[in-house]
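Novice: I'd like to ask some things about the structure below.
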Amino acid sequence: MEPIYTYPKTLIDVPLHYCPGCTHGIIHRLIAEIVDEMDIGKETIGIASVGCSCFNYDYFNFDMVATAHGRAPATATGVKRVHPDCLVFTYQGDGDLASIGTAEIIHAAVRGEKISVIFVNNGIYGMTGGQMAPTSLPGMKASTAPYGRKVESSGYPIKMTEMLALQDGCVYAERTKISSVGSIAKTKKAIRKSFELQSAGKGFSIIEILSTCPTNWGMEPLDSIQWMEQNMEAYYPVGVIKDLEGGGKE
Ligand SMILES: Cc1ncc(C[n+]2csc(CCOP(=O)(O)OP(=O)(O)O)c2C)c(N)n1
């Protein structure tokens, strides 16, 4: 019998610490599959940020660097400049990338650093107990916004990927989601494209992945996927936002 699936070589086969229904594990698997398919395990260096995924260096079977909250793009800049032949990616939540790390990510894009950014947007601070993030939707409940985010006092959710795509140093920006077999396949294609662009010596690219946080959203995993598609996707439309290399929509 032909095996139809084998566990990725670059993903360590251990139980993950994530909550039931969390999508971080799926995204880890996609990254490991791509690294295996491109056969770049020895040249890959991931930057683990601070958030629920901060222990992902225990799960990937390639080099990982742990960095301070929000500083993954700065660390990735140094690593990539010292090791230009390596594939360097950051793995960041929306609290990490869109809040404390806003300056780092914008300037990495402006400088056109040749790094891939995996931006996991679940609209909330997961690790610390569900506080409101800059990406939380209007009306979305959080532990720091028990009646829901009020635009009058907290402003509007920030569209980081659109903002980064405006920077000349950014060659590719796409938003995807983790909700179904099809959307997971599209997410894999997007991450692969980002890695391939970097391998070809091109500049900064970002893949934003709309995700869920059943625990802090207070929902069952399947309900949270439905909520994400009905609410988050309406505010953060999925699709290619910028593709300088492929001639797509800018
Ligand atoms: C300098 C600093 N400030 C604050 C924190 C507390 N903190 C840890 S994780 C986190 C937010 C993480 O949210 P996100 O990036 O969205 O990732 P998630 O946990 O949702 O995957 C915060 C505020 C910290 N660790 N370091």
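Any read-out appearing in this document is the output of simple, stated calculations on the displayed coordinates, not a laboratory observation. If you're wondering where the values come from, they're calculated on a predicted model, not measured in any experiment. Ideal geometry is used to build each Cβ from the backbone, glycine not excepted, and the neighbour counts take in all protein chains shown.
Novice: Which of the residue pairs Lys159/Lys193; Lys114/Lys150; Lys42/Lys159 have a Cα-Cα distance greater than 32 Å in the structure shown?
Specialist: Cα-Cα > 32 Å for Lys114/Lys150; Lys42/Lys159; rest within.
Novice: Follow-up question, since we're still on this one. Give the long-range amide H neighbours of Asn122: residues separated by 5 or more places, or on another chain, with amide H under 5 Å away, using H modelled in the peptide plane at 1.01 Å from N.
Specialist: Asp94, Ser211
Novice: Stokes-Einstein diffusion coefficient for the chain at 10 °C in a medium of 1.306 mPa s, Rh from the Kirkwood formula over Cα pairs: what value in µm²/s?
Specialist: Translational diffusion coefficient: 88 µm²/s.
Novice: As an exercise, take the mean of 1/r over every pair of distinct alpha carbons in the stretch 75-162, invert it, and state the Kirkwood radius in angstroms.
Specialist: 14.1
Novice: On to the next question. What's the exposure ranking of Asp85, Asp36, Asp94, going from fewest to most Cβ atoms within 10 Å?
Specialist: Ascending Cβ contact count within 10 Å gives the list Asp85, Asp36, Asp94.
Novice: In debye to the nearest 20, how big a dipole does the stretch 24-243 give about its Cα centre with +1 on each Lys and Arg Cβ and -1 on each Asp and Glu Cβ?
Specialist: The calculation lands at about 320 debye.
Novice: Then there's this: Give me a comma-separated list of calculated 3J(HN,Hα) values for the stretch 163-176, in order, Karplus coefficients 6.51, -1.76, 1.60 applied at θ = phi - 60°, integers in Hz, x for any Gly or Pro.
Specialist: My calculation for the stretch 163-176 gives 5, 5, 4, 5, 7, 4, x, 8, 9, 8, 9, 9, 10, 10 Hz in order.
Novice: Using θ = phi - 60° and the Karplus form 6.51 cos²θ - 1.76 cosθ + 1.60, what ³J(HN,Hα) does each residue of the stretch 102-114 get, whole Hz, x for Gly and Pro?
Specialist: Couplings: 4, 4, 4, 6, 4, 6, 5, 5, 4, 6, x, 4, 7 Hz.
Novice: Taking amide H positions as placed in the peptide plane 1.01 Å from N, state which residues far from Thr90 in sequence (5 or more) or on other chains have amide H under 5 Å from it.
Specialist: Close amide H contacts, sequence-distant or interchain: Ile47, Ser116, Val117, Ile118.
Novice: Now, a different point. Note down the relative contact order for the stretch 190-233 as a percent, whole number, built from C-alpha pairs under 8 angstrom at least six residues apart.
Specialist: 28
Novice: Moving to a separate point now. Considering the dipole of the stretch 24-243 built from charges on the beta carbon (Lys and Arg +1, Asp and Glu -1) around the Cα centre, which of Leu210, Leu137, Leu222 is farthest to its positive end?
Specialist: The Cα lying farthest towards the positive end belongs to Leu137.
Novice: Still on this structure, I have one more. Under the Karplus relation 6.51 cos²θ - 1.76 cosθ + 1.60, θ = phi - 60°, what is the ordered set of whole-Hz ³J(HN,Hα) values for the stretch 12-20, x standing for Gly and Pro?
Specialist: With coefficients 6.51, -1.76 and 1.60, one gets 6, 7, 10, x, 8, 8, 6, 5, x Hz.
Novice: Determine, for Lys141, Lys114, Lys189, the number of other Cβ atoms within 10 Å of each Cβ, and report the residues in order from fewest to most.
Specialist: Starting with the residue having the fewest Cβ neighbours, the order is Lys189, Lys141, Lys114.
Novice: Summing +1 for each Lys or Arg and -1 for each Asp or Glu, what net charge is found among the other residues whose Cβ lies under 13 Å from the Cβ of Asn231?
Specialist: So the surrounding residues net to 0.
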